[in-house]
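Visitor: Got a structure for you, questions after.
The values are calculated or read from the model by the stated rules, or taken from the named source; none is laboratory data. No experiment lies behind these values; they were computed from the predicted model shown. When we count neighbours, we look across all protein chains shown, and the Cβ atoms used for this are built from the backbone with ideal geometry, even at glycine. What goes into the accessible areas is simple: the full protein's heavy atoms, side chains included, and nothing from ligands, DNA or RNA. Shrake-Rupley method; radii C 1.70, N 1.55, O 1.52, S 1.80 Å.
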Amino acid sequence: MKSQFHALLREAIVARRTGALSGTAIPDAHLAEATQANSRAFSWLLRRGELVTSEFADQSAVPAALLLLNAPSILKVRWFSMGDASVGDSPPLLPTQQILSLIEVPPTSAQANSNSVAASAPDSNELQRLALGVFQNFFGGDAQLRLDRIVSNLGPKANSTELARACAKTLEPLLGEGMARSYFKKFF
C-alpha cells in the first residue's frame, strides 16, 4: 500500500492537483507487523501539487509529513479531489522536490564497486558510516541502497572527497547545499 501512496502523491505533485490524501499508517518500525489496531490516521492537504498541511500520529506540519514519509507501513490511502478555492493559499510545508526525493526508490540492483578508490580509501569507512547514519535519518530503509549506488557510480578513480561531495549532493534537495555539506565537511 505504501507504493500506492507514493504513486498517488507523485501524480498529485506532477499534475499539480489540489485535494486531500488520507488514510492510515503505522508510525513505528517495531509496530510494522502489527495490525490495524496500531495504525494511526493521516491527512495531507495539497494545493496545486504542494503540501500545505499535514497531520499524522499526534504530529502536525513538517514533523508529521516526515514521519509519514518514513512510516514502515501504510494500510489505507485515499485521494479526494478539491477545487483550488477550497484550500487556503498557504506556503508549502516542504518543497515538492524534497518530497519526490524522499519517495524515490533507488534501484535494488546497485551494488558497491569494491574496486572503487572511494570504497577502499583509508577514511572511506568512517565516511560511509557517517553517510549511512545521516541517510537513515532522511531516507529510512533506503539508506544503504542510496549509499551503495553513490559508491558504485563514482567509479575506480574516486577519492573520499568526491564521495563526500556526492553524499552531500544527495541531501541537497532536502536540506540545501550549506546544510548538506555541513554533515561531511570533515572530508572536504
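Visitor: Would you mind checking the radius of gyration and Dmax of the stretch 134-188 based on alpha-carbon positions, in Å?
Guide: 10.8, 29
Visitor: Based on the mean of other beta carbon atoms within 10 Å per residue, what is the order of 160-167, 53-60, 176-183, most packed first?
Guide: 160-167, 53-60, 176-183
Visitor: Also, I was wondering about something else. Mind checking which aspartates and glutamates have their C-alpha under 17 Å from LYS169, skipping anything on the same chain fewer than 8 residues away?
Guide: GLU104, ASP142, ASP148, GLU177
Visitor: Still on this model: Of LEU45, LEU147, which has the most accessible area and how do the rest follow, probe 1.4 Å? Don't skip to the end; give the middle numbers.
Guide: Values: LEU45 40, LEU147 5 Å².
These residues rank, largest area first, as LEU45, LEU147.
Visitor: Right, here's the next one. Grab the beta carbon distance between ARG10 and ASP123, set R0 = 35 Å, and tell me the FRET efficiency rounded to 0.05. Don't skip to the answer; put the middle values down first.
Guide: Values: r = 37 Å, r/R0 = 1.06.
Efficiency at R0 = 35 Å is approximately 0.40.
Visitor: Work out how much length GLU177 to PHE80 would gain on full extension: take 0.36 nm times their residue separation and subtract the Cα-Cα distance, in nm to one decimal.
Guide: Details: separation 97, 0.36 × 97 = 34.92 nm, distance 3.53 nm.
Contour length minus the Cα-Cα distance gives 31.4 nm.
Visitor: Still on this structure, please answer the following. For TRP44, TRP79, give me the order by solvent-accessible area with a 1.4 Å probe, most accessible first, ignoring ligands, DNA and RNA. Let's see the in-between values first.
Guide: On the way: TRP44 0, TRP79 60 Å².
Result, largest first: TRP79, TRP44.
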